[in-house]
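Just below is one structure, and these are the notes that go with it.
No lab work stands behind these numbers, since they all come straight from the coordinates. These numbers come from a predicted model, not from an experiment. Every residue, glycine as well, gets a Cβ built from its backbone with ideal geometry; the counts of neighbours run over all protein chains shown.
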Amino acid sequence: QLLHARQAYHARYKKSLEEDVAHHTTGEFRKLLVPLVTSFRYEGDEVNMTLAKQEAKLIHEKIKDKHYTDEDVIRILSTRSKAQINATFNRYQDDHGEEILKSLEKGDDDDKFLALLRSTIQCLTRPELYFVDVLRSAINKTGTDEGALTRIVTTRAEIDLKVIGEEYQRRNSIP
């Protein structure tokens, strides 16, 4: 999907997504976002459980020490396959008794990088939950954010819009 997005971006704007992200971001945001948009991920289902265990431990230590911008954390998020990331986060939960997103909720609510990190992890592991949050924000504002609503419907229609709708109903107690 990312490759197609980069190609479409280049076709429309005549420049690379990677260059624009690098140009329009700075500091910690650039440190996370540029590798995310430039990396090529293995799309298969193979998982290395030894690696998952090692990386779950490493991520736990970095979160515990509030080293959210650590290069190893960013490397894991930007290069590992989704299957490997899920295995790592499942191992994290098994070893530490809570989901990684719950661990990250203990951080500073005003930390914008931490919010970006949470969103990144949510998009990588359960994108439908991310889109439910965006959908809820778009609808619950004073006046509907039609742009956000349109983006969700048009970009997710053939991918997982039904799952997003079901999750939205479940989270918002809509029968």
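Summary table
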| item | result |
| --- | --- |
| Within the chain, helix-based [θ] at 222 nm, where runs of 4 or more DSSP H residues each add -39,500 (n - 2.57), nearest 500 | -22500 deg cm²/dmol |
| Most mobile listed residue (ASN90, ASN140, ASN48) in the chain, GNM with C-alpha springs under 10 Å | ASN140 |
| Spatial separation of Cα centroids for the stretch 1-65 and the stretch 67-136, in angstrom | 12 Å |
| Order by protection proxy (mean Cβ within 10 Å, highest first), peptides 72-81, 126-135 | 126-135, 72-81 |
| Cα point-scatterer Debye curve for the stretch 1-130, base-10 log of I(q)/I(0) at q = 0.10, 0.16, 0.20 Å⁻¹ | -0.33, -0.83, -1.24 |
| Under 13 Å from the Cα of LYS82 - aspartates and glutamates, other chains or at least 8 residues apart | GLU43, ASP45, GLU46 |
| Among LYS57, LYS14, LYS162: highest mean-square fluctuation, GNM of the chain, C-alpha pairs under 10 Å | LYS14 |
| Under the Debye formula (equal points on every Cα, no solvent term), log10 I(q)/I(0) of the stretch 81-175 at q = 0.12, 0.24 Å⁻¹ | -0.46, -1.29 |
| Choice from HIS23, HIS96, HIS60 showing the highest fluctuation, given a GNM over the chain with Cα pairs closer than 10 Å | HIS23 |
